[in-house]
Amino acid sequence: MRILLVGAGGVGAAFAAIARRRDFFEAIVVADHDAGSAERAAAVDDRFSAARVDASTCAATNRSSPRPSAASASTARRDRDSS
């Protein structure tokens, strides 16, 4: 099993520390907006890797679409909220 852990703050780091003692998974990717936090949490085990992710909007997490500019994200929110 491969796991994507989004968030390397207190809960994510605690999850990583506990998961390292388990053998039910083959790999965990620790992803966070702060790459340093992800790297520190992933450093606990060789099966872990780190990644930076911006999960602040759905569009930012979709690799098939370009990242929205601040203006287009604001426009999308306004359009969504007005419907």
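The values are calculated or read from the model by the stated rules, or taken from the named source; none is laboratory data. Being a predicted model, the structure only gives us computed values, none of them experimental. Note that we place each Cβ from the backbone using ideal geometry, even for glycine, and neighbour counts take in every protein chain shown.
Numerical summary
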read-out	value
Residues located in the range 4-14, provided they are farther than 9 Å from Ala41 by Cα and surrounded by 12 or more Cβ atoms within 10 Å (Cβ to Cβ)	Leu5, Val6, Gly7
Selected residue [surrounded by fewer than 16 Cβ atoms within 10 Å (Cβ to Cβ), touching a helix residue (DSSP H, G or I) at 6+ places or on another chain (Cβ under 8 Å) and either closer than 23 Å to Gly10 by Cβ or at pLDDT 95 or above (or both)] from Arg52, Arg40, Arg22, Arg67	Arg52
Enumeration of residues in the range 1-38 that are in a helix (DSSP H, G or I) and of a type in the set (A, V, I, L, M, F, W, C)	Val11, Ala13, Ala14, Phe15, Ala16, Ala17, Ile18, Ala19, Ala35, Ala38
